[in-house]
Amino acid sequence: PQAYIAGVRARYGSFADKELRAGLTAAGETLGLSLHASHQDTDGYRDHSGRQQTNLEGSLNLLSSPVGVELKFGAEDQHQDLAGARSAAQLLTDPRGTSTPQDYATREGWHTSLLTHGNLGDAEWNVDFGYNHTRRTALLKDYFFGIFNTYLDTGSDVASFSPRLKLP
């Protein structure tokens, strides 16, 4: 026996907010697959407050085996315009305005993990191997003097190994 579930959703809203989501889950006797993707793009309420974001998540499962195995993976990409703080007077005269028309922040990354589990007599064991890569950038302009701009570029790469044993 095999089972499939698939879906697509699209949405459009205020401030040019657009979103598209799609997903697929399929399972047979020995293998299962799940894949989901989404993209959102919006202008935001305020000037220079837009955001674009794309995500992908998936997993592949070995279903009928004495040792369970699951491979998970995913990726993300986001760009966010930063409208900045406003004074009370600015909010009264121009509630949608921006104080920082060039500031932005980004985030991108991907991850993967391999999970295994099984039994040793009455004991249950699990072992997870994982890797996560993330990079973030941001530009924060100096709108007063024009010479103290801040550019941030940070990244991280994390590898993990997590063994567990559950005894009765």
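The values are calculated or read from the model by the stated rules, or taken from the named source; none is laboratory data. Just so you know, these numbers come straight off a predicted model, no measurement behind them. Remember, those area values only see protein heavy atoms, side chains included, never the ligands or the DNA or RNA. Shrake-Rupley method; radii C 1.70, N 1.55, O 1.52, S 1.80 Å.
Residue separation of Ser87 and Asp43 scaled by 0.36 nm, minus their Cα-Cα distance, works out to 13.7 nm of gained length.
Normalised per residue, the accessible area of region 1-57 is 65 Å², obtained with a 1.4 Å probe and no contribution from ligands, DNA or RNA. Counting only protein heavy atoms and a 1.4 Å probe, region 89-168 has 71 square angstrom of accessible area per residue. To put it simply, the accessible area of region 112-168 at a 1.4 Å probe is 59 percent carbon and sulfur. Using a 10 angstrom cutoff on alpha carbons, build the Gaussian network for the chain and name the most mobile of Ala26, Ala138, Ala37. Highest fluctuation of the listed residues: Ala26.
Length, then width, then depth: along the principal axes, the Cα atoms of the chain run 70, 35, 24 Å.
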